[in-house]
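Participant: I'd like to ask you about the structure that follows.
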């Protein structure tokens, strides 16, 4: 609060009354603040007690889980050894199978390459045959057109010479 303005000394008794009233008000305010701080402190202490209880429960759970974990580790070691043996046998089988498949793949790729070259040869041969047949067809069409013209000329000559 801003400081209060000083009053005349003539009103000294009223000034002390106001000071006493101000002190009483300040005391009440401070008591209320103290009560509020105590409530906050108690709430925090309760939360702290709850957290401590949770921590103790979690430590107990961790301890129990640690014991169970050690038992499982011991079991896992035995299982892991057996699994390693089985894995190595399976790996050897897989390597042999991969080698067979690789050889088979190489053979198939070689056969594919040969077949592809035969297809290309046949395609070229058929293309050449088709081109030859087209030329022959064009030649025959041209020859037929010439024969039609000659036949039309003959018909027109016969038609003109006929009485």
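Participant: Any idea what the alpha-carbon Rg over 2.2 N^0.38 Å comes to for region 17-155? Numbers along the way, then the final one.
Facilitator: Numbers: Rg = 50.8 Å, N = 139, 2.2 N^0.38 = 14.3 Å.
So the Cα radius of gyration is 3.54 times the expected 2.2 N^0.38 Å.
Participant: When the chain is treated as a GNM, springs tying every alpha-carbon pair under 10 Å, which of 153, 84, 27 comes out with the largest mean-square fluctuation?
Facilitator: In this elastic network of the chain, the residue with the biggest mean-square fluctuation among 153, 84, 27 is 153.
Participant: Here is a follow-up. If R0 is 30 Å, what FRET efficiency do you get for residue 51 and residue 28 from their C-beta distance, rounded to 0.05? It would help to have the intermediate numbers written out before the result.
Facilitator: On the way: r = 35 Å, r/R0 = 1.16.
Calculated value: 0.30.
Participant: In nm, to one decimal, how far is the modelled label at residue 154 from the one at residue 131, with both set 7 Å along Cα→Cβ?
Facilitator: A separation of 3.7 nm, rounded to one decimal place.
Participant: Rounded to the nearest 0.05, what FRET efficiency do residue 14 and residue 36 give with R0 = 30 Å and r taken as the Cβ-Cβ distance? Could you check? Present the calculation step by step, with values, prior to reporting the outcome.
Facilitator: Numbers: r = 33 Å, r/R0 = 1.09.
Efficiency, from the Cβ-Cβ distance: 0.35.
Participant: Full-extension gain between residue 61 and residue 85, please, as 0.36 nm times their residue separation minus the C-alpha to C-alpha distance.
Facilitator: Values: separation 24, 0.36 × 24 = 8.64 nm, distance 3.57 nm.
Working it through step by step, the gained length comes to 5.1 nm.
Participant: While we're on this one: Between region 72-120 and region 127-163, how far is it from one alpha carbon centroid to the other, in angstrom?
Facilitator: Answer, in whole Å: 70.
Taken together, the values in this text are just the output of simple stated rules run on the coordinates, not laboratory data. These numbers come from a predicted model, not from an experiment. A quick note on method: Cβ atoms are made from the backbone with ideal geometry, for glycine too, and the neighbour counts reach across all protein chains shown.
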